[in-house]
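*Asks:* Below is a structure I'd like to ask you about.
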Amino acid sequence: MSETIYIETYGCQMNFADSEVVASILSEAGYTIGKSLDEADYVLINTCAIRDNAEQRVRHRVRELRAQQNRRRMRIGILGCMAERLQSRLMEEEDNVSFVCGPDAYRRLPVLLQQVKEGMQAADVELSSSETYDDIEPVRLASNGISAYISIMRGCQNYCSYCVVPYTRGRERSRNPLTIVSEATALFEKGYREVTLLGQNVNSYTWPDTTFPQLMMKVADISPLLRVRFATSHPKDLSDDLLYAMASYPNICKCIHLPVQSGSNRMLKAMNRKYTVEWYLDRVAAIRRILPECSITTDVIAGFSGETLEDHQATLDLFSSVRYDYAYMFKYSQREGTYAARHLPDDIADEEKTRRLNEIIALQGKIALENNTHEIGREYEVLVEGESHRSPKQLFGRNSQNKVVVFDRLDATPGSYRNVKIKDCTAATLLGELV
Ligand code: 5AD
Ligand code: SF4
């Protein structure tokens, strides 16, 4: 009987996509991919290292799993960014962990598991300048059969001063467009209706003869019924060409995630973001001009090294002027090995970081609710995804802008496109009726 693997995933969309690659590699190698922890011979935890609290969550989980390990044989492996950052140190600190495997070493997992079976501890954290897993067909783990991720580039070499990603995921490399288009085509033929092209800096995708906008158009050409999204964009690479490509294809979704990080030029410089507030606002203006229907979302960090009250106010002002539809908002967390950890003091007290973060959260909550209130009375094409959490009588889906729309089910079915008229809203959800 084959042994069973259970994969738990933390962190960003890239990690969820990587876990599907891992599932594919291990099922090819003869393992069963289990749906629950209960029968697992091996638990693989795919981890995030971006902030300290992400790592603490994983360590807590590893310690919690010890109780199960006391009852039966179950080995734990750590994959992803934390494995890469801490390497075999992790197995010393958490002695119930049997192996670690970095994000570019997943093809070696069958070998690592064999070593573990033979009673060894195993580790492979080699980074690669070329690995894109482009020949591996991911096993869609948590899929609804409608929407899937496709990883199109890996790594990051922007070296934002606060960020650990360039150290955990290595240098940028793009994937052959032919394999991207064939993966998307196969998904469409299986009934999927939405693909999200993923990369740490998706718009710095590069391939001889294929720019990122051209790649987007090739995927969008598969069918007008296939929605195409992408994440995450770096503002420095957001070209007008991409915006025009988005404008010319109704099935390229009108939603751009454009992390700003701070509204202060002094902070952006210290963060090594390579743009100014003025450059960023020019890109926002280009989006508004070329794609008036487009939603814009962002990431922001409160309390970075040396952030004054004026810098913080500049972030609030930028939020008021851009009026984001959604924002991921974080307190600065110093990460060992980054430029900031080596050269810039973590000098804002934790309570003050929390206070600034809460101020941004409150402002953004108000803006999101106002933005959604303006949607009342409009009609949107919604890709229906499934049953709403609120009630089995209701379904939910998303519009092109990526806003969640909830409506009474009537004759609608998941996987179909339906027009919905917006009648009400909260800061996070639009409530509507089928038309
Ligand atoms: N502390 C807080 N937030 C961070 N991010 C990246 N590194 C850090 C850090 N050290 C945030 C950025 C990035 C998002 C994925 O996580 O906002 O865009
Ligand atoms: Fe980190 Fe900056 Fe790269 Fe994003 S662009 S992954 S924030 S270094």
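Okay, residues lined up against (1) more than 15 Å from ligand 2 (Cβ to nearest atom); (2) of a type in the set (S, T, N, Q):
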{"position": "Asp237", "(1), (2)": "no, no"}
{"position": "Thr297", "(1), (2)": "no, yes"}
{"position": "Gly306", "(1), (2)": "yes, no"}
{"position": "Thr315", "(1), (2)": "yes, yes"}
{"position": "Ser321", "(1), (2)": "yes, yes"}
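*Asks:* Right, another one. With the condition kept exactly as written, say whether any residue in the range 190-205 is surrounded by fewer than 16 Cβ atoms within 10 Å (Cβ to Cβ), away from ligand 1 (no atom under 16 Å from the Cβ) and more than 24 Å from Leu281 (Cα to Cα).
*Replies:* yes
*Asks:* If you check Tyr159 against the conditions, is it modelled with pLDDT of 95 or more and away from ligand 2 (no atom under 16 Å from the Cβ)?
*Replies:* Answer is no for this residue.
*Asks:* Something else about it: Test each condition in (1) among the charged types (D, E, K, R); (2) more than 30 Å from Met329 (Cα to Cα); (3) open to solvent by 50 Å² or more (accessible area, probe 1.4 Å) for Arg75 and report the one that comes out false.
*Replies:* (3)
*Asks:* On to the next question. Of the residues Glu307, Glu352, which single one is modelled with pLDDT of 95 or more, acidic (Asp, Glu), surrounded by fewer than 20 Cβ atoms within 10 Å (Cβ to Cβ) and at negative phi?
*Replies:* Glu352
*Asks:* Now for a separate question. So the check is Cβ under 8 Å with 6+ separation or different chains; which pairs have a first residue in the range 83-98 that's under 21 Å from Gly170 (Cβ atoms) and a second one that's at pLDDT 95 or above and among the basic types (Lys, Arg)?
*Replies:* Between residues of the range 83-98 that are under 21 Å from Gly170 (Cβ atoms) and residues that are at pLDDT 95 or above and among the basic types (Lys, Arg), the close pairs are Glu84/Arg169.
*Asks:* Within the range 35-67, which residues are buried (at least 16 other Cβ atoms within 10 Å of the Cβ) and either among the aliphatic types (A, V, I, L, M) or modelled with pLDDT under 95 (or both)?
*Replies:* Those that are buried (at least 16 other Cβ atoms within 10 Å of the Cβ) and either among the aliphatic types (A, V, I, L, M) or modelled with pLDDT under 95 (or both): Ala40, Val43, Leu44, Ile45, Ala49, Ile50, Ala54, Val58, Val62, Leu65.
Residue-wise test of (1) of a type outside the set (Asp, Glu); (2) more than 19 Å from Ile136 (Cβ to Cβ); (3) assigned to a loop (DSSP other than H, G, I, E, B).
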| residue | (1), (2), (3) |
| --- | --- |
| Met14 | yes, no, no |
| Ala17 | yes, no, no |
| Arg57 | yes, yes, no |
| Glu84 | no, yes, no |
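*Asks:* Here is a further query. Go through the range 148-172 and report how many residues are surrounded by fewer than 19 Cβ atoms within 10 Å (Cβ to Cβ) and away from ligand 1 (no atom under 16 Å from the Cβ).
*Replies:* Of the residues in the range 148-172, 1 are surrounded by fewer than 19 Cβ atoms within 10 Å (Cβ to Cβ) and away from ligand 1 (no atom under 16 Å from the Cβ).
The values are calculated or read from the model by the stated rules, or taken from the named source; none is laboratory data. Remember, predicted model here, so these are calculated numbers, not experimental data. Backbone-built Cβ (ideal geometry, glycine too); neighbour counts: all protein chains shown. Only protein heavy atoms, including side chains, enter the accessible area calculation; ligands, DNA and RNA are left aside. Shrake-Rupley method; radii C 1.70, N 1.55, O 1.52, S 1.80 Å.
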